[in-house]
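The values are calculated or read from the model by the stated rules, or taken from the named source; none is laboratory data. Remember, it's a predicted structure, so these values are computed and weren't measured experimentally. Cβ coordinates were reconstructed from backbone atoms using ideal geometry, including for glycine residues, and neighbour counts include every protein chain displayed.
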Amino acid sequence: MTRLFISLFLLLFSTFAIAEPLHGIAMHGAAQLPRDYKAFPYVNTEVKKGGKIAYGVVGTFDSLNPFILKSMRTTARGMWDPEYGNLVFESLMQRSRDENFALYGLLAETVEWDDARSFIQFNINPKAKWSDGQPVTPEDVIFSFELLRDKGRTPFSKRLDGVAKLEKVGDNSVRFTFNEKADRETPLLIGLSPVLPKHATKVETFDQSSLTPPVGSGPYKIKSVNPGTSITYERDPNYWAKDLPSKIGFDNYDQITVQYFLQDTALFEAFKKGDVDIYSEGSPTHWARAYDFPAVSSGDVIKAEFKPALPSGMFGFVFNTRRPVFANAKVRQALSLAFDFEWANKNLFENSYERTQSFWQNSAFSSYGVPASDAEKALLGPAVSKIEPAILDGTYKLPVSDASGRDRKLLRQAVDLMKGAGYAIKGAQMVDPAGKPLAFEIMTQNADQEKLAIAFQRSLKAIGINASIRTVDDSQYQSRTSSFDYDMILKGFVSSLSPGVEQAGRWSSVARDRPGSDAFAGAADPDIDRIIDAILKARSPEEFQTAVRAFDRLLLSGHYLVPLYFSPLQRVAHRATIGHPDKLPLYGVQLSTWWDKRAQ
């Protein structure tokens with residue numbers, strides 16, 4: 001009996017020791033910063049707060065609620081924003097952008113969990129306050145998750161799927177106990193979810209568009225709203241977390257304005273005139289050619305280039321495999337061969353880009369140039385047979401054309417693949433076994449995409465394939481992509497240093513027919529589902545890397561898109577009056593840490 005008692009005591013003590021309060025948590029391993037850290041390493045701790053900033057975006061907005069389906073594509077930027085910062089609403093924890101995936105205390109002062117991550121407990125910071133002075137409580141947290149489950153949009157509506165029990169613990173803590181649907185990323189996603197004020201949120205109208213300024217716990221309040229045109233935020237002088245280590249060096253402006261433009265050309269003109277202070281440049285060609293205006297010559301505008309440690313991501317022509325014409329992977333592979341990247345890079349982009357060979361190129365997660373390990377093969381199991389040999393042994397590389405726009409060798413390879421899929425060229429047209437010509441539409445949303453589509457169209461025509469092009473406005477584009485009403489579109493898939501549940505939203509069978517999801521290609525493959533699950537359940541960095549590499553090989557072998565290009569640089573033009581920290585974090589530019597040099 002004594003021995004049994006001692007064993008039980010040791011087990012209980014071990015569990016308690018594992019679950020001691022932590023100041024920070026990480027997806028794999030431990031958070032890097034010590035308990036007594038003063039600030040994130042990529043901020044300016046001596047910055048003088050004040051001044052103002054004007055951002056510009058393309059689009060519009062008709063709601064201040066970023067968490068509902070009706071405002072999914074038109075929400076006011078800045079309310080809950082990965083680029084400009086969460087100005088009004090906050091999460092339980094704050095993410096460090098200098099670690100793969102690590103969170104530190106914000107609304108929650110500390111957290112507790114066990115090694116199995118069967119639960120996570122957030123201990124609310126007693127200093128946390130709403131903008132109306134009311135304290136943030138465990139009841140607010142419970143209310144938020146239940147409200148977003150019932151009336152929120154994806155992914156917020158799904159956050160409780162893996163939760164068996166949500167309960168208040170003690171006076172100031174809330175605990176999430178997980179069920180079998182949860183994975184090891186679930187507690188971190190809970191920590192990054194928004195918390196809303198129970199006392200100041202109207203449940204019955206929450207899922208309706210509204211321009212009424214909400215009560216939040218963030219560093220800013222809404223000063224003014226010009227529906228669809230602009231929104232201005234002003235600093236809350238009573239912001240509760242201004243001295244918190246995870247917020248030191250952030251939120252440095254007294255006033256932030258976000259202006260909306262119908263087209264990017266109008267946004268750039270506004271930047272040139274000085275109405276907008278920062279312009280993030282996505283085109284190296286535009287970067288090289290368009291910055292000859294007076295403000296650049298005088299030094300009033302600075303062209304800054306940054307090189308983050310991010311993987312390449314994947315940008316390309318995405319096949320909607322829901323369409324019968326793209327159901328065959330051999331057809332998709334053949335069409336990929338027909339695109340002449342070298343011609344496009346030379347004639348459209350002044351050779352500024354690199355060809356993308358992997359979803360995680362330039363990182364340890366990439367399969368490019370890396371033979372599959374025994375661990376990868378074991379994880380893939382029978383799915384190894386789906387992986388093309390060159391992709392499996394790491395020798396795969398997209399072919400290099402002669403940059404003529406009609407490389408006969410590559411087009412011949414494309415035709416041979418089409419023959420293997422049952423197609424043939426008859427009367428200068430590529431036809432299926434029933435004699436039906438192969439034709440599809442490429443939907444684009446701006447002039448740059450249209451140029452790429454025209455180049456692709458020209459190559460496809462050379463092998464008898466008719467690709468039409470339709471450029472639509474932003475609202476129509478968002479509507480059609482949300483309902484998967486297209487044959488082919490151009491899309492970018494951002495790849496992080498901690499891929500996780502977002503991959504399920506892009507590639508899982510479950511997401512395929514979910515309106516508004518990011519499953520643009522419409523993949524439905526049990527092996528993809530299984531490897532995504534392995535990514536989410538990986539415990540060690542080694543297991544995680546193995547799973548992501550295997551996933552990369554599966555996606556590449558599926559030919560779900562025509563890989564295009566990437567640039568390793570982030571290009572940002574800004575007023576000389578705007579300053580930024582010297583240290584660049586792993587994830588690159590963090591605009592919420594920049595400041596106005598004119599602040600006194």
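Points to keep in mind about this one:
- Pairing each residue of the range 132-159 that is on the phi > 0 side of the Ramachandran plot with any residue that is of a type in the set (Ser, Thr, Tyr) and not in a loop (DSSP other than H, G, I, E, B), provided the two are 6+ apart or on different chains, yields no C-beta distance under 6 Å.
- Identity of the residue in the range 389-406, of a type outside the set (Gly, Ala, Ser) and free of Cβ contacts under 8 Å to residues at least 40 places away in the same chain, that ends up farthest from residue 336 (Cα to Cα): 393
- Of all residues assigned to the range 494-507, none qualifies as being modelled with pLDDT of 95 or more, within 19 Å of residue 450 (Cβ to Cβ) and aromatic (Phe, Trp, Tyr).
- Here residue 208 passes the criteria (1) surrounded by 16 or more Cβ atoms within 10 Å (Cβ to Cβ); (2) modelled with pLDDT under 95; (3) more than 27 Å from residue 503 (Cα to Cα); (4) in contact with a helix residue (DSSP H, G or I) (Cβ under 8 Å, 6 or more places away or on another chain) except the one numbered (1).
- Matching residues, the range 129-144, being crowded, with 20+ Cβ neighbours inside 10 Å, within 22 Å of residue 175 (Cβ to Cβ) and either hydroxyl-bearing (Ser, Thr, Tyr) or touching a helix residue (DSSP H, G or I) at 6+ places or on another chain (Cβ under 6 Å) (or both): 137, 140, 144
- Near pairs, Cβ below 8 angstrom, 6+ apart or cross-chain, from the range 197-216 (within 15 Å of residue 70 (Cα to Cα)) to any residue that is β-branched (Val, Ile, Thr) and modelled with pLDDT of 95 or more: 211/225
- Residue in the range 193-207 that is of a type in the set (D, E, K, R), outside any loop (DSSP other than H, G, I, E, B) and under 25 Å from residue 244 (Cα atoms) present: yes
- In the range 151-184, of all residues being within 23 Å of residue 513 (Cβ to Cβ) and of a type in the set (Lys, Arg), the one that is surrounded by the fewest Cβ atoms within 10 Å (Cβ to Cβ) corresponds to 181.
- Matching strands (runs of 3 or more DSSP E) fully within the range 350-464 where at least 2 residues are among the hydrophobic types (A, V, I, L, M, F, W, C), over 26 Å from the mean Cα position of the chain (by Cα) and surrounded by fewer than 16 Cβ atoms within 10 Å (Cβ to Cβ): 424-426
- Subset of the range 218-239 (residues that are touching a Ser or Thr at 6+ places or on another chain (Cβ under 7 Å) and buried (at least 16 other Cβ atoms within 10 Å of the Cβ)): 221, 230, 232, 236
So that you can scan it fast, the table gives a plain yes or no per residue for (1) without any contact (Cβ under 8 Å) to a residue 12 or more places away in the chain; (2) basic (Lys, Arg); (3) touching a Ser or Thr at 6+ places or on another chain (Cβ under 8 Å); (4) surrounded by 20 or more Cβ atoms within 10 Å (Cβ to Cβ):
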residue	(1), (2), (3), (4)
80	no, no, no, yes
86	no, no, no, yes
99	no, no, no, yes
103	no, no, yes, yes
118	no, no, yes, no
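- Of 78, 85, all but one fail to be more than 17 Å from residue 182 (Cβ to Cβ), touching a Leu at 6+ places or on another chain (Cβ under 7 Å) and not hydrophobic (A, V, I, L, M, F, W, C); the exception is 78.
- Matching option when the condition is under 19 Å from the mean Cα position of the chain (by Cα) and free of Cβ contacts under 8 Å to residues at least 12 places away in the same chain, among 519, 504, 511: 511
- Scanning the range 64-107 for residues that are within 20 Å of residue 500 (Cβ to Cβ) and not in a loop (DSSP other than H, G, I, E, B) turns up 91, 93, 94, 95, 96, 102, 103, 104.
- Hits in the range 443-462 (condition: over 17 Å from residue 487 (Cβ atoms) and of a type in the set (A, V, I, L, M, F, W, C)): 447, 455, 462
- Taken residue by residue, the range 524-535 has at least one member that is in a loop (DSSP other than H, G, I, E, B), touching a Phe, Trp or Tyr at 6+ places or on another chain (Cβ under 9 Å) and under 15 Å from residue 556 (Cα atoms).
- Put simply, of 480, 514, 470, 530 the only residue that is within 25 Å of residue 357 (Cβ to Cβ), surrounded by fewer than 19 Cβ atoms within 10 Å (Cβ to Cβ) and among the basic types (Lys, Arg) is 530.
- Boolean, residue 194 is at pLDDT 95 or above, in contact with a helix residue (DSSP H, G or I) (Cβ under 8 Å, 6 or more places away or on another chain), surrounded by 21 or more Cβ atoms within 10 Å (Cβ to Cβ) and of a type outside the set (A, V, I, L, M): yes
- Put simply, of 464, 405, 394 the only residue that is in contact with a Ser or Thr (Cβ under 8 Å, 6 or more places away or on another chain) and either within 25 Å of residue 558 (Cβ to Cβ) or at pLDDT 95 or above (or both) is 394.
- Look at (1) surrounded by fewer than 21 Cβ atoms within 10 Å (Cβ to Cβ); (2) in contact (Cβ under 8 Å) with a residue 12 or more places away in the chain; (3) at negative phi and you find that residue 485 fails only one, number (2).
- Number of residues in the range 482-501 that are within 14 Å of the chain's Cα centre (by Cα) and hydrophobic (A, V, I, L, M, F, W, C): the value is 4.
- Evaluation of residue 443 against (1) in contact (Cβ under 8 Å) with a residue 12 or more places away in the chain; (2) closer than 30 Å to residue 99 by Cα (one fails), failing number: (2)
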